[in-house]
Amino acid sequence: MTTTRFAPSPTGYLHIGNLRAALFNWLIARKAGGTFILRIDDTDAERSREDYVDAIREDLEWLGLTWDREERQSLRAARYLEAADSLRESGRLYEAFETPTELDLKRKKQLNMGRPPVYDRAALNLSDADRDRLRAERGGHWRFRLDHGRIEWTDGILGPQSIDAASVSDPVLIRGDGQMLYTLASVTDDWDMGVTHVVRGLDHVTNTATQIQIVKALGGQAPDYAHHSLLTGPGGEGLSKRLGTLSLRDLRAQGVEPMAIASMMARLGSGQPVEVAASLEDLVADFDLGRFGAASTKFDPDDLTALTAKVVHAKPFAEVASYLSDIGVPTATAPAFWAAVAGNLQTIKDAEGWWALCHDGAAPVIAPEDEAFVREALALLPPQPWTTDTWSDWTAQVKSATGRKGRGLFRPLRLALTGHEHGPEMAGLMPLLTLKKL
């Protein structure tokens, strides 16, 4: 059975960048009728926060990305210790004692000599006495000893991959303070939980090479890996400095629709045009990982505005009835109000402003040169209640009486009644309007 996972660290809010991994893995699982696991990577007790865990769940549910089961890495510490012991017994995990400063000096020396800054494995040459002495002075960290040779796999997006293990430092799996790092926990979990496919960002390619060796050293089988392109800004700039403003909760607060986000992320970088899907089920049916490439993918947050508007325009009344009630639109009036304003909204929240205009009336806007015309037109305006025919009947009468037509006729009247130069069709809006005294 196809099993995928999304493993966020609860050290911050989900943002548009790490959403792609969640969405791709969810789409793969759902298309195959498999299992999608939400795995909370909370091994860093100092930085992990429970409110971030709640926020991750909330964001995924808002997007409709439901999970089949949830795992917490903080509850699996004993299993990671067992995996570490297994690697020690097989001679693949060794203790090293260099401080960050010492490692930095080594890297600089290697670079100055024109060599790649790869860990020199000096710790493997320590005697037992040396280890005892160093262990008494400082905490040791534990590195996985890579088998030097080429690490090869067929990537679901990048195609055949080959990395020389000798060009990569032996990864640290356990810090000096005893904390299990992401690599060991992730590999152990993927194997134990039967994860068959892992989709993540291009920046994890080297991690994948080392993880393939680790899982094999543990007696397991590596999942199928795929690495999607990284998002950049519209000008090709990195998104890292903007991710704080691109968190899913901030986008939600701005009124961005979840289907706008999902539709964009499911197509961006695939070569297909970004279009609003009618449902997540449609995204599942259309998804093909093979369409995506490795080239950096430009993301413009402004594009979400246009997609959100399309989503809002297509919403049936039943989907928005509860929201309209919350902003004070009477039940009897709500269907007509939605029919009138839906096509003019950028976000669902814009409906609140139009209801305020309808309920409270708008401050009229009348240009000096139009004052006499507006007074004459309002004298011809029939008393309320108005109907959907009132606008056409009234403007026809005003046109006949004043000779005005086109923009010179309609624009001043719209401004006088709504205070806005543009907006919903007046035929549908007029029956809802409260007219302020001019």
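Observations on the model:
- Counted residues, segment 293-323 - those being outside any helix (DSSP H, G or I) and of a type outside the set (S, T, N, Q): 9
- Flag: residue 284 does not match the condition of being of a type in the set (A, V, I, L, M, F, W, C), part of a loop (DSSP other than H, G, I, E, B) and in contact with a Lys or Arg (Cβ under 6 Å, 6 or more places away or on another chain).
- For segment 12-37, a residue qualifies if it is farther than 19 Å from residue 267 by Cα and in contact with a Pro (Cβ under 8 Å, 6 or more places away or on another chain), and exactly one does: 14.
- Search result, residues across segment 46-61 that are free of Cβ contacts under 8 Å to residues at least 40 places away in the same chain and of a type in the set (Gly, Ala, Ser): 48
- Residue check for residue 61: touching a helix residue (DSSP H, G or I) at 6+ places or on another chain (Cβ under 7 Å) and modelled with pLDDT of 95 or more: no
- Some residue of segment 307-316 being out of contact with any Pro (no Cβ under 9 Å at 6 or more places or on another chain), of a type in the set (D, E, K, R) and either buried (at least 19 other Cβ atoms within 10 Å of the Cβ) or in contact (Cβ under 8 Å) with a residue 40 or more places away in the chain (or both): yes
- Test for residue 391: is it aromatic (Phe, Trp, Tyr), surrounded by 17 or more Cβ atoms within 10 Å (Cβ to Cβ) and not in a helix (DSSP H, G or I): no
- Out of 85, 189, sole residue that is outside any loop (DSSP other than H, G, I, E, B), acidic (Asp, Glu) and surrounded by 14 or more Cβ atoms within 10 Å (Cβ to Cβ): 189
Conditions tested, residue by residue: (1) in contact (Cβ under 8 Å) with a residue 24 or more places away in the chain; (2) surrounded by fewer than 17 Cβ atoms within 10 Å (Cβ to Cβ).
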position: 128; (1), (2): no, yes
position: 140; (1), (2): yes, no
position: 144; (1), (2): yes, no
position: 151; (1), (2): yes, no
position: 156; (1), (2): yes, no
position: 163; (1), (2): yes, no
position: 167; (1), (2): yes, yes
position: 170; (1), (2): yes, no
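- Residue in segment 409-438 that is surrounded by the most Cβ atoms within 10 Å (Cβ to Cβ), counting only those that are in contact (Cβ under 8 Å) with a residue 60 or more places away in the chain and part of a helix (DSSP H, G or I): 429
- Residues located in segment 231-258, provided they are in a loop (DSSP other than H, G, I, E, B) and either under 11 Å from the mean Cα position of the chain (by Cα) or modelled with pLDDT of 90 or more (or both): 246, 254, 255, 256, 257
- Every pair of residues 6+ apart whose Cβ atoms lie under 7 Å, when the first sits in segment 356-368 and is closer than 24 Å to residue 408 by Cβ and in the same structural domain as residue 341 (by TED's automatic domain parsing) while the second is modelled with pLDDT under 95 and outside any helix (DSSP H, G or I): 362/419; 362/436; 363/419; 363/436; 364/419; 364/436; 364/438; 365/419
- Members of segment 1-56 that are charged (D, E, K, R) and surrounded by 19 or more Cβ atoms within 10 Å (Cβ to Cβ): 5, 20, 30, 39, 41, 42
- Every condition in (1) free of Cβ contacts under 8 Å to residues at least 60 places away in the same chain; (2) buried (at least 16 other Cβ atoms within 10 Å of the Cβ) holds for residue 401 except the one numbered (2).
- Enumeration of residues in segment 396-438 that are more than 20 Å from residue 361 (Cα to Cα) and in contact with a Leu (Cβ under 7 Å, 6 or more places away or on another chain): 397, 398, 399, 401
Here's the yes/no breakdown for (1) touching a helix residue (DSSP H, G or I) at 6+ places or on another chain (Cβ under 7 Å); (2) at pLDDT below 95:
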position	(1), (2)
260	yes, no
264	yes, no
282	no, no
287	yes, no
290	no, yes
295	no, yes
302	no, yes
307	yes, no
321	yes, no
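- Which numbered condition residue 360 misses (of (1) farther than 29 Å from residue 306 by Cβ; (2) within 45 Å of the chain's Cα centre (by Cα); (3) buried (at least 16 other Cβ atoms within 10 Å of the Cβ)): (3)
- Tally of residues being in a helix (DSSP H, G or I) and either exposed (fewer than 14 other Cβ atoms within 10 Å of the Cβ) or at positive phi (or both) across segment 324-338: 2
- Complete set of residues in segment 343-380 that are part of a loop (DSSP other than H, G, I, E, B) and among the hydrophobic types (A, V, I, L, M, F, W, C): 345, 348, 362, 363, 365, 366, 367, 380
The values are calculated or read from the model by the stated rules, or taken from the named source; none is laboratory data. Not measured: the values here are computed from a predicted model. Positions of Cβ are backbone-derived with ideal geometry, glycine not excepted, and every protein chain shown enters the neighbour counts.
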